[in-house]
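Working notes for the structure below.
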Amino acid sequence: MEKLIARGAEADLILTDWNGLRALVKTRKPKRYRHPELDRQLRRSRTRAEADIIHRAKEAGVPTPLIYQVDPENAVIVMEYIDGVKVRDLVDKLGDEERTTLFHRIGGYAGTLHRAGVIHGDLTTSNIIKSGDRIVFIDFGLSEVSNEVEKRGVDLNLMNRMLTSTHYRHQEQLLEAFKVGYRETNPEAEEALQRMEEVARRGRYIEKN
Amino acid sequence: MIALGVESTADNLGIGVVAGDGRVLANVLDVHVPAEGGIHPREAARHHSECMGGAVRRALDEAGVNAKELDIIAFAQGPGLGPCLRTGATSARALACYLGRPLVGVNHCVAHVEVGRMATGAEDPLTLYVSGGNTIVSGYESGRYRIFGETLDIAVGNCLDTFARAAGLEYPGGPDIERWAARGEKLISLPYTVKGMDLSYSGLLTAVTAELQTGRHRVEDLCFSLQETAYAMLGEITERALAHTGKPELLLTGGVAANKRLGSIVRSIAEEHGAKPYVVPIRLAADNGAMIAWTGILAYNSGIRTPVESSHVNPNWRMDQVEIPWRS
């Protein structure tokens, strides 16, 4: 049984049977538009980093898929298949209260990640899956290990940009709930949240009040 | 319906005359070339004010239109360099008042998207807008152009221009870098900085300039490596945004759209995702007045007017703050 379940921008995801387990095979495909050397280097380093950091996040207490096998040379990771719904597709279907609770929890996990020195690098609602009661963080392909406030700020800014571009109907509510959760798990939250605003202001053409 | 559009957000002074059906009757361009260094806002503004009268006259002559036949005066209200914007706005106000015609303030970034749609026939594209001052991936969603990705610091064109200057190449940097890159062979490792759907060029610029100063590399290889790295980053965020939005079309617009390598990257990505690629024609790629006039027409037809008393320029006007009633 093999089924292509997603063709992301970066990788193909194939659902398969792996030694009796339902597993996801994530293959970073070569990009024709990239110089072959640059392409190989990016795919290899991202595969390795993703596997390392998924472990690190899990140790910190943030739900992530289990890793079964890693092959950096071929840019392949075999991991646990998470059955659920992307938060991105869920936001508009929830009631007000559920939405707040969800983002409160997401903020909490984001705080835990940062406290553990993990920068997700692509912290958006497409990369968080609600699976039953679990909230699982996926796609650590752009992640890195760092305790720099700057990197935390950029990470948070990504989430806020996602709220502004895609979940604009509930942006304020979601950001507020996210911040509450983030503050609860991260003692250095204020500094990071402040940096998030600074990073946003640094962008092109922001009203500077 | 005939509109006159004034573009003066940076170093280009553009006056365009466009008809209601999208025909570009005139598109006069007068570029300020600094004697040395980059754009000095005050010097560019002085250039614009000195050339304004002549450019308007030339545009009307080329279009074969009498000033009295103009129906609206559109101008780029932002974003851009304050002094340059104010010069264009002042002239647009004067024309509108003198002729007794309505004034329409236009967002410069929205205009790049709209002229791209008009010229290529793209209907609902994800747009990669790249120029000396901007690097933005946007798409229409519920009444606005939402920004999915953008540069966190300098624009790709700014990165290329600044490097070109350091390497003694021509301004603007893009075309000359592309010529030198064609003779490059070796890929020098440079910082590749993508953050989700955003990217950053300041580290790349610093690194490539430092490599140049070591004197260890051929300029051809540096241009090749800079171009490959800078455009691969653009390719990646564009691809992410395309996968994210599922838009059926991909449009490349802005001054850097003239680059052939970037065009081939965009086409390759579009093909990969089953989207239709579009590249804005060269004559409408760089900052120009026709795009302002055309967007002014769209806005005017949706009931938008900019009374003189609220026609102050906004150098920080983001494109995602603009209501787009003509698409809803």
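The values are calculated or read from the model by the stated rules, or taken from the named source; none is laboratory data. The structure presented is a predicted model; accordingly, all values stated were derived computationally and were not measured. Reconstructed Cβ throughout: ideal geometry from the backbone, glycine too, with neighbour counts over all protein chains shown.
Numbers below:
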{"read-out": "Meets criteria (surrounded by fewer than 24 Cβ atoms within 10 Å (Cβ to Cβ) and under 30 Å from B:A257 (Cα atoms)) for B:E62", "value": "yes"}
{"read-out": "Residue match in region B:96-107 (condition: surrounded by 16 or more Cβ atoms within 10 Å (Cβ to Cβ) and either within 14 Å of chain A (Cβ to nearest Cβ) or within 28 Å of B:G173 (Cβ to Cβ) (or both))", "value": "yes"}
{"read-out": "Leading residue by the ranking (nearest to the other protein chains (Cβ to nearest Cβ)) among those in region A:101-137 that are crowded, with 21+ Cβ neighbours inside 10 Å and part of a loop (DSSP other than H, G, I, E, B)", "value": "A:D122"}
{"read-out": "Lone unmet requirement of (1) buried (at least 22 other Cβ atoms within 10 Å of the Cβ); (2) modelled with pLDDT under 95 for B:D153", "value": "(1)"}
{"read-out": "Odd one out for B:G116 among (1) outside any helix (DSSP H, G or I); (2) more than 14 Å from chain A (Cβ to nearest Cβ)", "value": "(1)"}
{"read-out": "Residues located in region B:29-54, provided they are buried (at least 21 other Cβ atoms within 10 Å of the Cβ) and touching a Gly at 6+ places or on another chain (Cβ under 7 Å)", "value": "B:H48"}
{"read-out": "Test for A:G141: is it farther than 23 Å from B:Y140 by Cα and within 16 Å of the chain's Cα centre (by Cα)", "value": "yes"}
{"read-out": "Selection count where residues are more than 11 Å from chain A (Cβ to nearest Cβ), within 17 Å of B:L212 (Cα to Cα) and either in a loop (DSSP other than H, G, I, E, B) or in contact with a strand residue (DSSP E or B) (Cβ under 6 Å, 6 or more places away or on another chain) (or both), scope region B:175-184", "value": "1"}
{"read-out": "Any hit, region A:40-57, residues being facing chain B (nearest Cβ under 9 Å), touching a helix residue (DSSP H, G or I) at 6+ places or on another chain (Cβ under 9 Å) and either buried (at least 18 other Cβ atoms within 10 Å of the Cβ) or of a type in the set (D, E, K, R) (or both)", "value": "yes"}
{"read-out": "Flag for B:D221 being modelled with pLDDT of 95 or more and within 14 Å of another protein chain (Cβ to nearest Cβ)", "value": "yes"}
{"read-out": "Enumeration of residues in region B:236-272 that are β-branched (V, I, T) and assigned to a helix (DSSP H, G or I)", "value": "B:I237, B:T238, B:T245, B:V256, B:I265, B:V266, B:I269"}
{"read-out": "From the options A:G20, A:G61, residue that is at pLDDT 95 or above, exposed (fewer than 15 other Cβ atoms within 10 Å of the Cβ) and more than 14 Å from chain B (Cβ to nearest Cβ)", "value": "A:G61"}
{"read-out": "Within region A:2-96, strands (runs of 3 or more DSSP E) holding 2 or more residues that are of a type in the set (A, V, I, L, M, F, W, C) and over 25 Å from B:T238 (Cα atoms)", "value": "A:11-18, A:21-28, A:67-71, A:76-80"}
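Residue by residue, here is whether (1) within 25 Å of A:P36 (Cβ to Cβ); (2) charged (D, E, K, R) holds:
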{"site": "B:R165", "(1), (2)": "no, yes"}
{"site": "B:G173", "(1), (2)": "no, no"}
{"site": "B:I177", "(1), (2)": "yes, no"}
{"site": "B:A182", "(1), (2)": "yes, no"}
{"site": "B:I188", "(1), (2)": "yes, no"}
{"site": "B:M197", "(1), (2)": "yes, no"}
{"site": "B:S200", "(1), (2)": "yes, no"}
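So that you can scan it fast, the table gives a plain yes or no per residue for (1) away from chain A (no Cβ under 14 Å); (2) touching a Leu at 6+ places or on another chain (Cβ under 8 Å):
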| site | (1), (2) |
| --- | --- |
| B:V266 | no, yes |
| B:Y278 | yes, yes |
| B:A286 | yes, yes |
| B:A293 | yes, yes |
| B:Y300 | yes, no |
| B:I304 | yes, no |
| B:P315 | no, yes |
| B:Q321 | no, no |
